[in-house]
1. Filter region 103-134 down to residues that are surrounded by 20 or more Cβ atoms within 10 Å (Cβ to Cβ) and out of contact with any strand residue (DSSP E or B) (no Cβ under 9 Å at 6 or more places or on another chain), then give me how many there are.
2. I'd like to check something: does region 261-271 contain any residue that is of a type in the set (Phe, Trp, Tyr) and either closer than 27 Å to Asn180 by Cβ or in contact (Cβ under 8 Å) with a residue 40 or more places away in the chain (or both)?
3. Considering only region 149-189, state which residues are within 17 Å of the chain's Cα centre (by Cα) and of a type in the set (Val, Ile, Thr).
4. Please indicate, with yes or no, whether at least one residue in region 241-251 is closer than 17 Å to Asn275 by Cα and surrounded by 19 or more Cβ atoms within 10 Å (Cβ to Cβ).
5. Could you list, in sequence order, the residues of region 69-123 that are over 15 Å from Ser48 (Cβ atoms) and in a helix (DSSP H, G or I)?
6. Looking only at region 197-214, filter to residues that are over 18 Å from the mean Cα position of the chain (by Cα) and loosely packed, with under 14 Cβ neighbours inside 10 Å; which one of those is nearest to Glu39 (Cα to Cα)?
7. Would you call Asn167 without any contact (Cβ under 8 Å) to a residue 60 or more places away in the chain, closer than 24 Å to Ile45 by Cα and out of contact with any Asp or Glu (no Cβ under 7 Å at 6 or more places or on another chain)?
8. Might you let me know whether region 119-129 holds any residue that is acidic (Asp, Glu) and out of contact with any helix residue (DSSP H, G or I) (no Cβ under 8 Å at 6 or more places or on another chain)?
Amino acid sequence: MNASLDPDLLFISDDNWNNPNKRDTFLGNLKDNLEYIDEYLKIRINWSDELEACLWNAPVKQPWHRDYKNQIIPIMYRRFYPNLEYKDISNVSACNVEPTMYFEFDDNISISFLKLMHKIIIESSDSYLSLGLHNSSNHNGQFTFFCCCCPNRIEPVLINKPNEWLNYINVDNYWPINRNDKGKFKKGINAFCFKEYQDIKFANEYEISNAFLDDLCRENTNRDNIIQKIVKRLRSNHNEARLDRNLRDEYIEQSQEYRFYVDYNTRIHYKIINNGKLLFLRYYPQGHHDDGL
């Protein structure tokens with residue numbers, strides 16, 4: 001499912017740009033939305049040549065083009081443009097929306113946005129819609145887009161604040177397929193840590209063995225629970241993990257390893273190495289006996 005962006009996220013008037021508080025709020029909102037989409041959601045952004053022209057060309061050339069003290073242009077090229085999915089809206093009219101959305105700018109921008117949403121109606125595509133500050137408080141829980149030429153309507157999933165993107169993180173985007181995906185899985189651990197705790201702070205450094213990755217590659221049904229318990233263990237010191245009734249962390253004399261539980265029948269084994277670093281060794285799903293026991 002792709003994301004569509006309220007023009008209020010990308011376009012700002014000269015008057016508002018020259019107001020430091022409004023400029024900082026605009027920049028923070030845009031940066032945070034693009035960071036969540038690029039770093040955690042791994043989804044495409046619906047876009048068109050018409051909106052691109054509105055963004056860069058006169059007569060509505062954006063004030064942040066001229067202000068090179070801010071970092072918005074590098075962020076756009078790093079987090080916005082690589083994620084775009086262009087739609088051909090050359091033969092599409094503007095659709096309708098209820099309730100009415102607020103558009104601060106000239107008709108070219110609002111019409112180009114509503115033409116893009118019409119294209120999404122035609123494609124019958126599900127979509128997120130990330131809202132700017134004005135429209136996030138200007139609805140009763142939903143915006144409905146519709147037209148005269150199509151029987152279907154769309155009601156995008158609304159993102160009112162950037163951190164609401166965290167509710168839609170998909171573990172499958174980070175799950176390893178082979179041993180080369182160690183970095184991808186570590187990014188997933190960070191993403192789920194941020195989703196749950198709004199920071200990325202661990203009590204322990206950690207490493208992942210190839211055998212552990214191989215075990216995860218074969219797991220299809222318990223992914224969310226696995227990554228959530230890994231995050232919880234990494235945020236807990238040894239005593240906290242031992243006392244936690246969900247983790248039930250314990251030392252195994254026979255193998256000289258530790259293990260904690262993902263759920264009642266599944267376990268993760270690890271060792272402590274190099275000044276407290278955790279090395280994840282194996283994942284044992286239901287019905288598989290722990291090695292060495």
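Every read-out reported here was derived from the displayed coordinates using simple, explicitly stated rules and does not represent laboratory data. Because the structure is predicted, anything quoted here is derived from the model rather than measured. Positions of Cβ are backbone-derived with ideal geometry, glycine not excepted, and every protein chain shown enters the neighbour counts.
1. Of the residues in region 103-134, 3 are surrounded by 20 or more Cβ atoms within 10 Å (Cβ to Cβ) and out of contact with any strand residue (DSSP E or B) (no Cβ under 9 Å at 6 or more places or on another chain).
2. yes
3. Of everything in region 149-189, those that are within 17 Å of the chain's Cα centre (by Cα) and of a type in the set (Val, Ile, Thr) turn out to be Val157, Ile159, Ile169, Val171, Ile189.
4. Within region 241-251, not a single residue is closer than 17 Å to Asn275 by Cα and surrounded by 19 or more Cβ atoms within 10 Å (Cβ to Cβ).
5. Ile72, Ile73, Pro74, Ile75, Met76, Tyr77, Arg78, Arg79, Pro82, Asp107
6. Lys201
7. yes
8. Within region 119-129, one or more residues are acidic (Asp, Glu) and out of contact with any helix residue (DSSP H, G or I) (no Cβ under 8 Å at 6 or more places or on another chain).
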